[in-house]
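Worksheet: the structure to be examined is printed underneath.
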Amino acid sequence: MDRSEAGDSTAVLRDLVEGRWSCRSFDRKQVPRSDIEDILQIARRTPSWCNTQPWHVHITEGFATEQLRQAIAERISQQLTQEPDIDFPVECEGVYQDRRRESGWQLYESLGIAKGDRVASGKQMLKNFDFFGAPHVAMITTEKNLGPYGAVDCGLFVSNFLLAAHSMGIATVPQAALAAQAPTIREFFDIPAERQVLLGISFGYPDLGDPVNSYRTGRQSTAEVATFIR
């Protein structure tokens, strides 16, 4: 396939990548099982080291989503702690901290939350554990013995899952916050010890009337992303 023949495919991919966004307010309408299976049919083609395909997905539907909400709510009502299977970043510094803060400010500004309003920002943070009202959650796990590269391969799977969903008009938000509740997640889904909880993806149809879905985060320029050597 030459460049001219690939043009349409490139345009489609560009539209999907540039158009996808993280949804933080969902309609409660269920996504048909057939559509979820179509997403998985695409994502399962993700490449991996030696074709190990380390990912596995537990997906909630209907009452199971509500049960998981309740299980996490009960846990964090006792103590809101972080217990991820894979260590979270120790600290964000420099440009990484700047990007994190900018994203947070965009979120709070969309909701009219003033800087320094710890009560309002805390309430918004807790919506992570309500899955932002989404009707479905996909929990991604990896094989512990495959180490960091297994997690990297799962990251590729997650990206394809997100893009496939977006192509079908289904909104998503990948959430490390859910991985912080790994013990509860593990118990709920009966995940074996050799599997590590990586993250959750809340998904469904977006509530486009909610202002929290109105902003979009920025990205680095091409010049910042890459260094060319001749």
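The values are calculated or read from the model by the stated rules, or taken from the named source; none is laboratory data. Keep in mind that what you see is a predicted model, and the values were worked out from it rather than measured. Here the Cβ is made from the backbone with ideal geometry for all residues, glycine too, and neighbour counts use every protein chain on show. Note: areas computed on protein heavy atoms with side chains; ligands, DNA, RNA excluded. Shrake-Rupley method; radii C 1.70, N 1.55, O 1.52, S 1.80 Å.
Maximal additional length on extending the Lys123-Ala71 stretch stands at 16.9 nm, based on 0.36 nm per residue less the C-alpha distance. For the chain, a simple Cβ point-charge model (Lys and Arg +1, Asp and Glu -1, everything else neutral) yields a dipole of about 320 debye relative to the Cα centre. Here Lys115 is the anchor, and the lysines within straight C-alpha reach of less than 21 Å, apart from those fewer than 8 places off in the same chain, are Lys123, Lys127.
Contact order for region 129-230, expressed relative to its length and based on alpha carbon pairs under 8 Å spaced 6+ residues apart, stands at 38 percent.
Measuring nothing but how far apart in sequence close Cα pairs (under 8 Å, 6+ apart) lie, relative to its length, the chain scores a relative contact order of 37 percent. Counted residue by residue at 0.36 nm each, then reduced by the alpha carbon distance between them, the extension gain from Glu194 to Ser110 reaches 26.2 nm. Beta bridges assigned by DSSP with both partners in the chain are antiparallel in approximately 95 percent of cases.
Note on Val17/Arg101: beta-carbon distance plugged into 1/(1 + (r/R0)^6) with R0 of 35 Å gives a FRET efficiency of 0.90.
Rolling a 1.4 angstrom probe over the chain with all protein chains present gives an accessible area of which 51% lies on carbon and sulfur atoms. Inverting the pair-averaged 1/r between distinct Cα atoms of region 91-210 gives 16.2 Å as its Kirkwood hydrodynamic radius.
Backbone amide hydrogens, once placed in the peptide plane, bring Glu61 within less than 5 Å of nothing, excluding anything fewer than 5 places away on its chain.
Here the Kirkwood formula puts the hydrodynamic radius of the chain at 19.2 Å, using every distinct Cα pair. Within 12 Å, Cβ to Cβ, of Asp210, how many net charges do the neighbouring residues add up to if Lys/Arg are +1 and Asp/Glu are -1? Net charge in that neighbourhood comes out at 0.
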